[in-house]
1. If you check residue 38 against the conditions, is it in contact with a Ser or Thr (Cβ under 6 Å, 6 or more places away or on another chain) and either assigned to a helix (DSSP H, G or I) or in contact (Cβ under 8 Å) with a residue 12 or more places away in the chain (or both)?
2. When only residues in the range 252-294 that are small (Gly, Ala, Ser) and crowded, with 20+ Cβ neighbours inside 10 Å count, which is farthest from the chain's Cα centre (by Cα)?
3. Can we say residue 113 is closer than 23 Å to residue 21 by Cβ and either at pLDDT 85 or above or under 16 Å from the mean Cα position of the chain (by Cα) (or both)?
4. Among the candidates 107, 56, 94, 75, which residue alone is among the hydroxyl-bearing types (Ser, Thr, Tyr) and exposed (fewer than 14 other Cβ atoms within 10 Å of the Cβ)?
5. Looking at this structure, is residue 42 of a type in the set (Val, Ile, Thr) and either crowded, with 20+ Cβ neighbours inside 10 Å or within 21 Å of residue 262 (Cβ to Cβ) (or both)?
6. Would you pick out the residues in the range 218-239 that are in a helix (DSSP H, G or I) and either aromatic (Phe, Trp, Tyr) or more than 14 Å from residue 270 (Cα to Cα) (or both)?
7. Of these, 114, 140, which one is in a helix (DSSP H, G or I) and either surrounded by fewer than 17 Cβ atoms within 10 Å (Cβ to Cβ) or in contact (Cβ under 8 Å) with a residue 60 or more places away in the chain (or both)?
8. Kindly evaluate residue 75 against the criterion of being of a type outside the set (Lys, Arg), under 17 Å from residue 107 (Cα atoms) and at pLDDT below 85.
Amino acid sequence: MAVRGFGDYNPIAVFVSIMSCAGIAMFTLNPVMITLSLVGAVSLWFVRLGTHSMKSHLLYAAMLVVLPLLNMLMSHQGATPLLVINDNPITLESLVYGVLSAAMLVSVLYWFRSFSRIMTSDKILYLLGRISPRLALIVSMALRFIPHFGRQAKKIDNARRVMGLYREDNIVDSAKGKLSVFSILITWGLENGITTADSMTARGYGTAHRTSFSVFRFRRSDAVLTAATLLLLAGCVCGMAFGGGEYACYPVLSGIPWDVCSLIVYVCYGLMAMLPTIIEAEVKIRWHSLRSTI
């Protein structure tokens, strides 16, 4: 049997898995579930790509510090004051709410970051092409242009520096140069988008009675992953519907629930969040074992 990482699974299975994990995380502030989501999302990224783009990880770490501080300074709700600044109480509840909100936001960003890495343009077209060809084209172009814009901006900026069009030691000159790069980038993006759309239309994309070919097959392992994700998602939703995992920050912090429904929610969500990492880690271990025997 072929060794397949999480990104090699059928786009439908990957979509269901990541969207289920991110969707549950967006609708809860339970500390246990937020922690599980953050661990699952971050571990998936690092197992797949290692320490790639460390600057962005530092940005997310800064968000975990800055957002709680901003929430403390802007929101004064809560019944447990820690200190008072200019007659405005800094409360424990606002601090905890800020920490949980920041952790939830970072975990969701990591889930969608992995999603954008795995779901390439051809996978998006496969996933949405039969439902709405135009929507599939727009989404695939948007996901492609996000990283492409960054690379193109660096190329334009480097070219203008080599030409000596602006100096970084002059603030006004540098600001004008950055604005010029932005203007060129927007023009390039619009032209590229129109060219791509016209090219796809000329090839008959989105027209009626058009046949299509896909390299993606829905294998047994894809069915197993999709079924397992949906079963775990159903366990989470049913448990939360009966009050499992409820947590409130205002007006006072509620205790973390550990009743039967909450435990079911924690176990189901923990397995669902760690399933992509487990699949990816298994592949890494198997490849390492195979290489060591050569």
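The values are calculated or read from the model by the stated rules, or taken from the named source; none is laboratory data. Values in this document were obtained by computation on a predicted structure and should not be read as measured data. With ideal geometry, Cβ positions are generated from the backbone for all residues, glycine too; neighbour counts draw on all protein chains shown.
1. Yes: the conditions hold for residue 38.
2. Step one: list which residues in the range 252-294 are small (Gly, Ala, Ser), which gives 254-255, 262, 270, 273, 281, 289, 292.
If we keep only those that are crowded, with 20+ Cβ neighbours inside 10 Å too, we end up with 262, 273.
Details: 262: 25, 273: 13 Å.
Restricting to residues being small (Gly, Ala, Ser) and crowded, with 20+ Cβ neighbours inside 10 Å, the top hit is 262.
3. On the way: closer than 23 Å to residue 21 by Cβ: yes; either at pLDDT 85 or above or under 16 Å from the mean Cα position of the chain (by Cα) (or both): yes.
Criteria met by residue 113.
4. Details: 107 fails: exposed (fewer than 14 other Cβ atoms within 10 Å of the Cβ); 94 fails: exposed (fewer than 14 other Cβ atoms within 10 Å of the Cβ); 75 fails: exposed (fewer than 14 other Cβ atoms within 10 Å of the Cβ).
Just one listed residue meets the conditions, 56.
5. Numbers: of a type in the set (Val, Ile, Thr): yes; either crowded, with 20+ Cβ neighbours inside 10 Å or within 21 Å of residue 262 (Cβ to Cβ) (or both): no.
Criteria not met by residue 42.
6. The first filter runs over the range 218-239 and keeps only residues in a helix (DSSP H, G or I), leaving 220-239.
Those that are in a helix (DSSP H, G or I) and either aromatic (Phe, Trp, Tyr) or more than 14 Å from residue 270 (Cα to Cα) (or both): 220, 221, 222, 223, 224, 225, 226, 227, 238.
7. Values: 140 fails: either surrounded by fewer than 17 Cβ atoms within 10 Å (Cβ to Cβ) or in contact (Cβ under 8 Å) with a residue 60 or more places away in the chain (or both).
Step by step, each of 114, 140 is checked, and only 114 is in a helix (DSSP H, G or I) and either surrounded by fewer than 17 Cβ atoms within 10 Å (Cβ to Cβ) or in contact (Cβ under 8 Å) with a residue 60 or more places away in the chain (or both).
8. Values: of a type outside the set (Lys, Arg): yes; under 17 Å from residue 107 (Cα atoms): no; at pLDDT below 85: yes.
Criteria not met by residue 75.
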